[in-house]
Amino acid sequence: MTNKADIVIIGGGAAGLMAAAGAAGFIAAHGHGDERDEGNGATRVVVLEKMTRPGRKIMITGKGRCNFTNVKQWNEFQEHIHPKPNFLKPSFYNLTSEKMLGFLEDHGMAYVVERGDRAFPESHLASDVVDALVRAAEGAGAEIFCGAEVKEILRFANDDKGKALEERGEALEERFEVICGDGRRFECRRLIICTGGLSYPKTGSTGDGYEWARKTGHKIRTLFPSLTAIVPKGYKDVTSAGTMKGHIDRNTPLTEIGKILCGNQLKNVGLTLHIDGNEAAYEFGDLDFTDGGLEGPIGFKISRRCVNAIINGSKAYITLDMKPAVELEDLTVRISTLWNEIMKDKRNAGRQYKDKFRILLTKVLPMSLIPAFIKLNPNADHKTLAKALKTWKMEIEGFVGYERCVVTAGGVSTEDVTPKTLESRLVPGLYFAGEVLDLDADTGGYNLQTAFSTGYLAGQSTAKSLK
């Protein structure tokens, strides 16, 4: 038996749930046209989610705290969107960050805005975001089917009135049949693909949407991990290649260097990315050494460009500025003064040079970082320490892949999608939203807002297009 619906949404994540709320909400507010599916008492908006519950990836966002949006205005917001922010503009203005705050509040979720214009649920529980989205979608009349893994999508012309349309010289309206692995079938007039990307595959993001898009003639821009750990040379015990050029699995064991660096959190440092010897990016802020490699806000910010360079065969390295607020000349004078004080201190009489140098390091570096700094800067001494602190170089060997990256870069080409509606330019009635599109963003709430905005516009566009 085939279930009939007006709109089917594949994927119950951030974009899918907002598409459901947008479509069902618009229909509830504006009513339905004069055409209904046979046997339907009302218009149906259906969400098909392969996992046992919707919003699995949202649940792990921000380590469970869920920075769900950023309240910057468009002029600043767009600077964090890649690769073509203008494509997102109609979606964003249809559902701005401020409107998203009100939307969630209307559906029972309080929020707080913290440093960097980042918004979180007041409870700091990601489950509250998911619950509010589900309430919004179901409250508007959408139906959510979990455990419904889509295996195939068929296209056909609506032949109920086909002859009459052909006689008048009118085009037939295409329909879609969505077939699930458990045998369930759903016929619909409009289809929205919100299947996400490839990141965190355990949450259900396995790239299904890319293949469906490719089969219908859509271009897929090169896919690669973004907002991921980049791995310095010698940080991991790399013995084999990963699934793509430069990929180093997160579970690859740490080397001795990796172990002594892992766990260090640096505040207010400068980081410069160099690609093929040329300066490619500079960021200031916090950096974390983790079991994956270099992460934290500024590590993530450079990861997109770094990963893209590596998979395209370029060489990358970074330089850390441990004292970005102090010019090299001033830092040299300061270290010289500290060294003179150490040399004059009677307690240090008879100590070896390396012990005195270690004392100097305690005055300019966190204690936990000193062993790694000494090992990675073996030629540094009190005369060259200032330069070593300002230009601590690390070659980048690779990156952590989809198993633990935050978002997938690349996707369905935005050239094949109309930005004002998110309908395919190639297949009438087919829409795309969320991470499946060639849209990704920096860390800080931008990616979820992109999913919310595109999902909501796609949902409303499908509802408006129904005859």
Practice item. Using Cα centres only, tell me the gap between segment 233-286 and segment 424-461 in whole Å. Key: 31 Å
Exercise for review: Check cross-link reach from K390 to the lysines: straight Cα distance under 26 Å, and skip same-chain residues fewer than eight apart.
Suggested key: K233, K236, K259, K267, K301, K315, K323, K354, K356, K363, K375
**Study point:** Spin-label model distance (nm) - D286 vs K375, 7 Å beyond Cα toward Cβ
**Key:** 2.5 nm
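Before anything else, pin down the relative contact order of the chain: Cα pairs under 8 Å, at least 6 apart, normalised by residue count, whole percent.
Values: 1010 pairs, mean separation 118.6, N = 467.
Relative contact order here is 25 percent.
Under the √(5λ) rule applied to the eigenvalues of the Cα gyration tensor, what semi-axes describe the equivalent ellipsoid of the chain? Give them in Å, descending. Could the numbers behind the result be given before it?
Details: eigenvalues 547, 90, 64 Å².
Taking √(5λ) for each Cα gyration eigenvalue gives 52, 21, 18 Å.
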Review point. What FRET efficiency would be calculated for the residue pair A241, E152, taking the C-beta separation as r and a Förster radius of 30 Å, to the nearest 0.05?
Key: 0.35
Review point. Which Cα, out of S127, A148, A137, lies furthest along the positive dipole direction of segment 119-158 (beta carbon charges, K/R +1, D/E -1)?
Key: A148
Practice item. Would you mind computing, in nm to one decimal, how far apart the modelled labels at S314 and L328 are, each placed 7 Å from Cα along Cα→Cβ? Key: 2.3 nm
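So what is the relative contact order of segment 28-149, in percent, for Cα pairs below 8 Å that sit 6 or more residues apart?
On the way: 143 pairs, mean separation 52.5, N = 122.
For segment 28-149, the relative contact order is 43 percent.
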Point to revise | Residue-span extension gain [M59 to W74] - 0.36 nm each, minus C-alpha spacing | key: 2.8 nm
Point to revise | Cα long-axis angle, helix 126-140 against the chain (0 to 90 degrees, to the nearest 10) | key: 10 degrees
Check your understanding: Expressed as a whole number of Å, what is the distance separating the alpha-carbon centroids of segment 47-111 and segment 300-366?
Key -> 39 Å
Check your understanding: How far is helix 296-311 tilted off the main Cα axis of the chain, in degrees rounded to 10, range 0 to 90?
Key -> 80 degrees
Review point. Say the dipole of the chain comes from +1 at the beta carbon of Lys and Arg and -1 at that of Asp and Glu; which of A23, T414, F399 then lies farthest toward its positive end?
Key: F399
Point to revise | Nearest-ten-degree value, helix 446-465 long axis tilted from longest Cα axis of the chain | key: 10 degrees
Review point. Projected onto the charge dipole of segment 207-250 (+1 at Lys/Arg Cβ, -1 at Asp/Glu Cβ, origin at the Cα centre), which of P232, H247, W212 gives the Cα projection farthest towards the positive end?
Key: W212
Revision key, fill the gap. For K50, counting only aspartates and glutamates whose alpha-carbon sits under 19 Å away and dropping same-chain residues fewer than eight positions off, the answer is D131, E138, E143, E149, E152, E177, D182, E187, D208, E211, E403, E435
Check your understanding: Given +1 on the Cβ of Lys and Arg, -1 on the Cβ of Asp and Glu, and no further charges, what dipole in debye does the chain carry about its Cα centre, rounded to the nearest 20?
Key -> 1800 debye
Review point. Hey, what number do you get for the chain at 222 nm if only DSSP H runs of n ≥ 4 count, each worth -39500 (n - 2.57), divided across all residues, to the nearest 500?
Key: -10000 deg cm²/dmol
Study note, to complete from the structure: Of all DSSP beta bridges having both residues in the chain, the percent classed as antiparallel (nearest 5) is 75 percent
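Subtracting the Cα-Cα distance from 0.36 nm times the residue separation, let me have the gained length for Q265 to N251 in nm, one decimal. Each step should come with its number before you reach the end.
Numbers: separation 14, 0.36 × 14 = 5.04 nm, distance 2.05 nm.
Gain on stretching Q265 to N251: 3.0 nm.
Coordinate-derived values only; no laboratory data. In this text, all values refer to a predicted model and were calculated from it rather than measured experimentally. Cβ: placed from backbone, ideal geometry, glycine included. Neighbour counts: every protein chain shown.
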